[in-house]
1. If you average over every viewing direction, what projected area does the convex hull of the Cα atoms of region 346-506 give, in nm²?
2. Picking from A616, G758, S812, whose Cα lies most toward the positive end of the charge dipole for the chain (charges on Cβ: Lys, Arg +1; Asp, Glu -1)?
3. Please list, in order along region 742-747, the HN-Hα scalar couplings obtained from phi with the Karplus expression 6.51 cos²θ - 1.76 cosθ + 1.60 (θ = phi - 60°), rounded to whole Hz, x for Gly and Pro.
4. With an 8 Å Cα cut-off and a minimum separation of 6 or more residues, compute the relative contact order for the chain in percent.
5. From largest accessible area down, sort F763, F373; use a 1.4 Å probe on the protein chains.
6. Convert each backbone phi in region 25-32 into a coupling constant with the Karplus relation 6.51 cos²θ - 1.76 cosθ + 1.60 (shift: θ = phi - 60°), then list the ³J(HN,Hα) values in order as whole Hz, x for Gly and Pro.
7. Please list, ordered by chain and number, the residues whose modelled amide H lies under 5 Å from the amide H of L413; skip anything fewer than 5 residues away on the same chain.
8. Go through 197-206, 514-523 and give me the packing order, highest mean Cβ count within 10 Å leading.
Amino acid sequence: MNIHALSRQEVLKALMTSEAGLSQAEARSRLKEYGLNQITEARKTPLYFRFLKQFTHFLAVLLWLAAVLCFVSEYLRPGEGLLSLGLAIVGVIIINAVFTFIQEYRAERALAALKALLPFNVKVVREGRQREIPAREVVPGDLFLLEAGDKVPADGRLIEANRLMVNNAPLTGESEPKPRVADPFAGGYLESPNLVFAGTLAVSGSGLAVASATGMATEFGKIAHLTSGVEPDLSPLQKEIFRVTRIVAAIAVTLGILFFTLGFFIGRSFWHNFLFAIGIIIANVPEGLLPTVTLSLAIGSQRMASRKALIKNLNSVETLGSVTVICSDKTGTLTENRMELRRIWVPEAQAEEGEYARTMLLTVAGLCNNAKFVEGAFLGDPTEVALLRAAREHGGIRGERLQEIPFDPERKLMTTVDRVGGETLVLTKGALESVLPLCQLVAAGSQSVPLDDRQQKNIQAAYQDLMDEGLRVMAFAFKKLAASSAEHAETEKDAEDLEKGLIFTGLAGLEDPPRPEVAEAIHRCREAGIRVIMITGDAGRTAVAVARQVGLTESEPLVIQGPELVKMSDEELKQRLATKNIIFARMTPRLKMRIVSVLKEAGERIAVTGDGVNDAPALKRADIGIAMGVTGTDVAREAADMVLLDDNFATIVNAIEEGRAVFENIRKFISYIFASNIPEIVPYIAYVLFSIPLPLTIMQILAVDLGTDLFPALGLGAEKPAPRIMKQPPRGPEEKLLNFGILARAYLFLGPIEAAAGLFGFFYVLHLGGWQWGEMLPGSAPLYLQATTACLAGIIVTQIANVFACRSFSESVFSLGMFSNRLILFGIASEILIGSFIVYHPWGQRIFGTAPLAAHVWLMLAPFAVALLLAEETRKLVARRWLTAARGS
């Protein structure tokens, strides 16, 4: 069916619909027939294949190599216990793969659930009334409305188009918007200008279309396999995690080879040296790191969602923590977006004539307006809703719209042609600097007088007075159009001519009160070293008034207006951006994009807010693009990394706090995991260098790494933001996840205390059993089994203290609250249960080569846990005092 070649009535007939749209009953029937209007995702990688991938990453390959060597060695030299070791290593690989797969799957499902919080709605006409429904419920034959910023919900044929421009990039890759018209077209289907396609974006203008195809029947659906299931690139955080694992693995392999070689020089057999090398490698490999990172990011995104910030991908969680500048809109972000018309100013006139001018202003406000009053409620942009409400309260003049020049953020104007009574009027509203140059006359009551210098001064003075009150000021103008002129005003040139020779009728001041929580959020930003820059389309004086109300500026700010910025070079702009208090007013989206680019070139990490179609480039350009979930367009939401479910600036600050916490939490559990490497390595070094039995077996190392350590580490990944985290400056781009401080704390400070506890327990049990230095014990001897179990117990006991120590790098655990993180308490309970199973249950003893310990052995080990906690608390105290002294100086 060549729907693009049909007339309006033929289109309605062909799709079995009418000017009033479908009935609700018919829409339900067609929904059953055609199914939901959604794209079935291209076949994803099967779950079993994704599970198998967990066995092929770098750490897994390293462990596979160790297992194969064990199996080959068992074949060449049976009876050395290497078969059991090989099977244990395979068990480690399987456990790690299962756990990582589960965590990634849960994170993916959680992210999908969070995205469902942002429904894609569309305005349709059914039974003659406009309704808003979920896009998935659109059916063939539905009449759907399009406005600037909307995503097209289905393939459709336009029957009305008012300067509609559509960006087909999601479908064709063409970045330039294409004009759309409603006239029949005799050419090819895909080239037809009267068709709109699902997934494309309305950039400007408006239109009414009849849905011709939905779901997989759309053009987008036909090529869905090209746009779904694409593997994303690794994020910077993922790359950093893999860098860390490779560094640690390289250290492990190097140590294994080094001590394997050293063993020959001191007379150890090949099999002893081989066993030792495998032990060193396994002791260093952080098997639980990858799943713990994934879980930490997922928890962070869920916590952000609970605080009204929806993260569209997990990688953006961590990026938020490094933001140095927030470029924020004013309306709806710093303010409540609850517009009310507070004041109307009309030119001087007699009282009765002033009422006429006021009536004309409200006529323009009510008719040059796309807000609607439907079923007792106002729908539309908050500014237009406020104007429509005021016009209706004044009596509400009815008119028939003949033509519209939609609002353009570059022009800052909107114009309509309306038939009111027997007259045809051109009605214009917008920014004063855009409206006033189009005017030749001023409405002085029912008469019009020339717009001379005195009138201009009066208008400008009134404009400044309204702005000084913190009001958003709009200007209004009109002219009467002869019927013959209206009939010939269909071309773009004629439409532009409509706005010439207007009659200025007055100003309206609208109030948008600041959000009460914004002042505190801005104060928190200052403490956190984050700069907030207001970039608004409003006038400078209005912006300054709001900035003062929310505490954004303490002194007289530097205000840069749009026309001034246009004349500046990038170097001049960079110098101005160094000013402490700066506000950008009367900015267009293009200028906003330029500000973001210059800031990025200066090395800043930028978060940018936006809600309109033209904000999309700036949102894409920023490190973190933030779209408005309530007032934002579909285009802005698609371009953004994060969506505010409440459009609130304070939510951005909360999200940054959570982003910083995620990065810190990853560091915390890295420190926790790495600290246990030292008590696992030191026994092997002592075994090689001194004539003592091996204090810790490989199976017992695995019991720590994938048993007792795992759940407390997950608890650290869920730690809430520390109180001081927003009192620190943002981390620099060169700051790595794993640095010397983290390694030194784990390997040189906490790790040696744990190693001392393990070796003390080992030698304490040996001493009680009458062991003499140099005496080698059989691996099955009860005394040896008890001694290695005591070494394992020393690590478990000190790791319980270590998980509390690692909850913060600077804050005392006692100020955080010992019981404030329930997941850590659950992790410790799990650690105790697993430890008890390993030490006291016959199965655990058989698998891990342990023997029961008397209560006094645990009591002898407890002081080491206390010592570790006190040592770390002392270090934190010294660090806090040093930091305070440094800030004071």
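The values are calculated or read from the model by the stated rules, or taken from the named source; none is laboratory data. What you see is a predicted model; the values in this text were computed from it and never measured. All Cβ positions, glycine included, derive from the backbone under ideal geometry; neighbour counts span all protein chains shown. To get the accessible areas, we keep the full protein, side chains included, count just its heavy atoms, and leave off ligands, DNA and RNA. Shrake-Rupley method; radii C 1.70, N 1.55, O 1.52, S 1.80 Å.
1. Quarter of the Cα hull surface area: 9.9 nm².
2. G758
3. 5, 5, 5, 4, 6, 8
4. Taking the mean separation of contacting Cα pairs over the length of the chain, I get 11 percent.
5. Result, largest first: F373, F763.
6. Here the 3J(HN,Hα) series is 5, 5, 5, 5, 5, 5, 5, 5 Hz.
7. D408
8. Packing proxy ranking, top to bottom: 197-206, 514-523.
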